[in-house]
Amino acid sequence: MLELSKIARHIDNFGRIRAESLAGRCDEFCIASKTIAEINSSFDEARSKIHTAKTSWLVANFDEPPDKTYDLPSCPKRHAVLAVDGSQIGPGKHEIALCYLINTSAVALFYGVGERPWAETMPQLYYKDEELYETYAGRRVQVTDKLLSMKRTLAESAHLANALPRLAEKDLPAVALWDGSLIRWTLEGDPPDYRERALREYLKTFDIAKDLRIPIAGYISDPGGRDFVNALKVMLCPNSVVNCEKCDIPSQADEQKPCDALGALTDAMTFMRILKPGQRSVLFTSSSNILKQYGTHDVRTFYMNLGREVTRVEVPLWVAVDREMLDLVHAVCWDQAQKGRGYPVALAQAHEWAVVQAPDRKAFFELIERSFIRHGVPVTHSLKRISKGY
């Protein structure tokens, strides 16, 4: 039981501190604007400083003035949108058996052609010994939450790969939307055998989309990233060559370093001031190391003002260099967000089809229990599970 009365004072203090933080944001915006102006006034030198900086944070690079904006292109009256999503039931040590389930969905919506939308799910149960273990650093290890998350990503990718040809048959301008980032940065810390195998499987879908000329776009609602703000932080450093590990600027307990002046400002906050509703930013390149292994599918990012929030959209390089496809992604993302009251309706539908609710999980394990009983398999529950009555 949570006794809220015992933390009410802390909650009120939290609100006061947040209000003070918002009041100080105007100063941060002012510093950001001045820094952007400095970048524009000596563009090549600024890009060189940002590109060569050695930092502990991801830094965005760009080929155009960062405050340049692109107006909303017209959305084709006849077009299609494909969206995928997924969820899972992880292996639980208090359940009757070691297994896990991944449920992926694909939803296709058609506009201006009278075509009926379609949706499909692909639930997959994993219970065999070879499915419960993964080759990792040359060893067989049990699937952890982290590995299960990647298996779900790969299942979503495979589902998208299967759906793309079906969409291409309609011969319509089309965009494939993916909920979340296209950059699999979590693989950076994984051993080469696992990382290369996962990336190879993941990028097969990008190959198919490229051949079919259907742009893939990763859609990130309410992004908290600071890649572009980090580039501004590099510019605030008084050193001509930035190396954070060898920083020689003294830091006093009551003083900030120059790079701390932007506080908790995020990219989305910054571009809310720069972009008008419907506009997108220039393209940015991430410094994530995993992208070095993406080849022609290297990722570019732009920000778009939806009116109520700024969203981050990621596309493969082959989409970024094709203005027709890039404009299509821009227009369709805006149109979908307007139809979905701020969030793409296709992604919202894909989520509804993929999500596994608590009653689904309960019914899933009840079916397993019945199957065990029917086949004479002993069924045991942990004492913790019994004590909690589930």
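What follows draws every value from the coordinates through simple rules; no lab data is involved. The shown structure was predicted, so the numbers you read here are calculated from the model rather than taken from an experiment. All Cβ positions, even for glycine, are placed from backbone atoms using ideal geometry, and neighbour counts span all protein chains on display.
Within the group Leu326, Leu283, Leu367, Leu347, which residue is loosely packed, with under 14 Cβ neighbours inside 10 Å and hydrophobic (A, V, I, L, M, F, W, C)?
Unique residue meeting the criteria: Leu367.
Within region 58-65, does at least one residue satisfy the condition of being among the aliphatic types (A, V, I, L, M) and touching a strand residue (DSSP E or B) at 6+ places or on another chain (Cβ under 7 Å)? Please lay out each step first, then the result.
Pass one, region 58-65, residues among the aliphatic types (A, V, I, L, M): 58-60.
Narrowing further to those that are touching a strand residue (DSSP E or B) at 6+ places or on another chain (Cβ under 7 Å): 60.
For region 58-65, residues among the aliphatic types (A, V, I, L, M) and touching a strand residue (DSSP E or B) at 6+ places or on another chain (Cβ under 7 Å): present.
List pairs: first in region 313-332 and more than 23 Å from Gly225 (Cα to Cα), second part of a helix (DSSP H, G or I) and of a type in the set (Lys, Arg), Cβ under 7 Å, 6+ apart or cross-chain?
Trp318/Lys210
Testing Ala268 on (1) in contact with a helix residue (DSSP H, G or I) (Cβ under 9 Å, 6 or more places away or on another chain); (2) buried (at least 17 other Cβ atoms within 10 Å of the Cβ), one condition comes back false. Which one is that?
Going through (1) in contact with a helix residue (DSSP H, G or I) (Cβ under 9 Å, 6 or more places away or on another chain); (2) buried (at least 17 other Cβ atoms within 10 Å of the Cβ) one by one, Ala268 breaks only (1).
Mind listing whichever residues of region 156-200 are closer than 18 Å to Ala350 by Cα, part of a loop (DSSP other than H, G, I, E, B) and of a type outside the set (A, V, I, L, M)?
Gly180, Ser181
Being among the small types (Gly, Ala, Ser) and under 15 Å from His79 (Cα atoms) is the filter here, so list the residues in region 338-350 that pass it.
Taking region 338-350 first, the residues among the small types (Gly, Ala, Ser) are 340, 342, 346, 348, 350.
Correct list: Ala346 only.
Lys292 is checked against (1) in a helix (DSSP H, G or I); (2) touching a strand residue (DSSP E or B) at 6+ places or on another chain (Cβ under 8 Å) and fails just one. What number does that condition carry?
Unmet for Lys292, out of (1) in a helix (DSSP H, G or I); (2) touching a strand residue (DSSP E or B) at 6+ places or on another chain (Cβ under 8 Å): (2).
Looking at the structure I just gave you, is Leu203 touching a Lys or Arg at 6+ places or on another chain (Cβ under 7 Å), within 30 Å of Gln142 (Cα to Cα) and either assigned to a loop (DSSP other than H, G, I, E, B) or among the hydrophobic types (A, V, I, L, M, F, W, C) (or both)?
no
For region 338-374, what are the residues that are assigned to a helix (DSSP H, G or I) and under 13 Å from Asp179 (Cα atoms)?
Scanning region 338-374 gives Val345, Ala346, Leu347, Ala348, Gln349, Ala350, His351, Glu352, Ala354.
Scan region 60-99 residue by residue and report those that are charged (D, E, K, R), more than 24 Å from Met272 (Cβ to Cβ) and in a loop (DSSP other than H, G, I, E, B).
Start the filter on region 60-99 by keeping residues that are charged (D, E, K, R), which leaves 63-64, 67-68, 71, 77-78, 85, 93, 95.
With more than 24 Å from Met272 (Cβ to Cβ) added as a condition, the list becomes 77-78, 85, 93, 95.
Lys77, Arg78, Lys93, Glu95 - these are the residues of region 60-99 that are charged (D, E, K, R), more than 24 Å from Met272 (Cβ to Cβ) and in a loop (DSSP other than H, G, I, E, B).
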